[in-house]
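In what follows, a single structure is set out as structure tokens and then discussed.
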Amino acid sequence: MAAERAALTPAWQPGQAVRVRASFPPGHVRTPFYVRGKQGVIEGVAGVFANPEELAYGRQGLPRSALYRVRFRQTELWPDYQGQPDDSTVVDLYEHWLAAEVADDD
């Protein structure tokens, strides 16, 4: 039960930088290909929900996972982007796809 409670407490807060896992597992995945491995910023927490990747296989969707709205600069997603430098895209991503973004030490 402690593990279930921990899953109900979002790990990230608005304003925190995160990186999307650069993983390409087979099967049902709710993370768009174009954001994998990319850096974004948490814009908000949408709530805690059953894991849709588990539900797709007829399982119970456990453990539940926080769903975040993550903002990406268009230039992060599309290196040749010709629009305004502050243009962005917001993608809803589950917590198990996110990792802390470590700042460069230069």
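FYI, it's all coordinate maths here, none of it is from the lab. In this text the structure is predicted, and so the values were computed from the model without any measurement. Glycine gets a Cβ as well: all are built from the backbone with ideal geometry, and neighbour counts include every protein chain shown.
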request  = Report the trypsin sites (Lys or Arg not before Pro) located in region 9-106 that are in a DSSP loop and have at most 12 other Cβ atoms inside 10 Å of their Cβ, or state none.
outcome  = Arg59
remark   = Over its alpha-carbon atoms, the chain yields an Rg and a Dmax in Å of 14.8, 49
query = How far apart, in nm, are two points set 7 Å out from the Cα along the Cα-to-Cβ line at Ala17 and at Ala100?
reply = 1.3
ask   = Just how large is the dipole of region 48-106 about the Cα centre, in debye to the nearest 20, putting +1 at every Lys and Arg Cβ and -1 at every Asp and Glu Cβ?
value = 520
note = With R₀ set to 35 angstrom, the calculated FRET efficiency between the beta-carbons of Asp80 and Val45, to the nearest 0.05, is 0.65
key: Magnitude of the charge dipole, the chain, Cβ model with Lys/Arg +1 and Asp/Glu -1, debye to 20   = 480
message = I'd like to know which of Trp12, Phe72, Val41 lies farthest towards the positive end of the charge dipole of the chain, counting +1 on Cβ of Lys and Arg and -1 on Cβ of Asp and Glu.
response = Trp12
Order of Ser23, Ser65, Ser88 under a 10 Å beta carbon neighbour criterion, fewest first = Ser23, Ser88, Ser65
task = Report the net charge of residues surrounding Ser88, where surrounding means a beta-carbon distance below 13 angstrom and charges are Lys +1, Arg +1, Asp -1, Glu -1.
result = 0
ask   = Going through region 45-78, which chymotrypsin sites (Phe, Trp or Tyr not before Pro) have at most 15 other Cβ atoms within 10 Å and a DSSP loop state?
value = Tyr57
remark   = Largest fluctuation, Gly15, Gly58, Gly44 only, Gaussian network model of the chain with Cα springs under 10 angstrom, belongs to Gly58
request  = Scan around Gly44 for amide H atoms under 5 Å from its own, H built in the peptide plane at 1.01 Å from N, and keep only partners 5 or more places away or cross-chain.
outcome  = Arg69
